[in-house]
Amino acid sequence: MAISFQQLRFGFAIFTALLCLSVPRVVAAEKTAYLEPGASVLMPMGWAGFCSRYPGECRQTDKKPIVEIAATAATIELVQSMNKIVNETIKSMTDYDHWHEIDRWDYAEDGYGDYEDYVLVKRRALMALGLPSSALLVTIVRDEHLDGHAVLTVRTDRGDLILDNVFPDVKLWFRTPYRFMKIQSAYDPNVWLGIGASAARPQLVSR
């Protein structure tokens with residue numbers, strides 16, 4: 001079944017209407033709740049291939065890049081809702097089974113995709129709903145088994161939020177089990193920055 005942005009937007013409207021009476025509490029985060037990218041590194045080959053097919057999706061369109069967005073209750077609700085809708089709409093399938101390729105990043109137009117495809121769909125949908133591309137950064141991580149994985153980082157003034165297809169809830173980056181490897185630059189989506197083997201995680205404080 002093909003997925004269109006119109007379907008995602010329709011599902012989002014219904015979902016937020018049901019949740020409008022229950023806005024989750026926004027937990028404040030210190031500056032240590034931000035990933036700290038370092039020097040530039042090679043971009044993933046999957047991103048290069050994606051840009052060759054969708055060149056318009058790989059340009060920096062923000063005249064003045066927004067490095068952080070305000071983590072208002074409405075914005076947090078929008079991000080959480082879109083994450084849930086995309087996760088429930090796309091069916092997981094490996095690139096080899098889907099495309100007969102080892103690594104292909106693409107939109108899940110037929111309703112199937114792997115982790116990078118979830119990320120790209122979420123990024124496109126949130127951009128269409130008004131969030132700046134400079135605050136929606138594709139991020140490469142390793143999971144608990146040290147396997148490669150991808151998530152979407154949403155940079156907010158309360159910390160870096162992670163949208164994932166494995167864990168349904170949106171989390172601050174240090175509340176995930178992942179080892180963060182590289183992330184897009186907020187100033188140019190074709191510039192990728194290394195994060196390092198051991199990003200410093202802040203001590204958690206119960207609130």
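Fewest to most neighbouring Cβ within 10 Å: what's the order for GLU116, GLU88? The partial results should precede the final answer.
Working: GLU116 26, GLU88 11.
Least crowded to most crowded, the residues run GLU88, GLU116.
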Rg(Cα)/(2.2 N^0.38 Å) for region 5-194, N = residue count: 0.97
Counting only residues 5 or more places away or on other chains, whose amide H sits under 5 Å from the amide H of TYR112 once H atoms are built in the peptide plane? LYS91
Of all lysine pairs in region 5-194 that are eight or more residues apart or on different chains, those with Cα atoms under 28 Å apart total 20
In sequence order, calculated HN-Hα J values of region 33-45 (Karplus, 6.51, -1.76, 1.60; Hz; x Gly/Pro): 7, 9, 5, 10, x, x, 6, 5, 9, 5, 6, x, 4
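Any read-out appearing in this document is the output of simple, stated calculations on the displayed coordinates, not a laboratory observation. From a predicted model like this one, the values you see are computed outputs, not experimental measurements. Neighbour counts run over all protein chains shown; Cβ positions are idealised from the backbone, glycine included.
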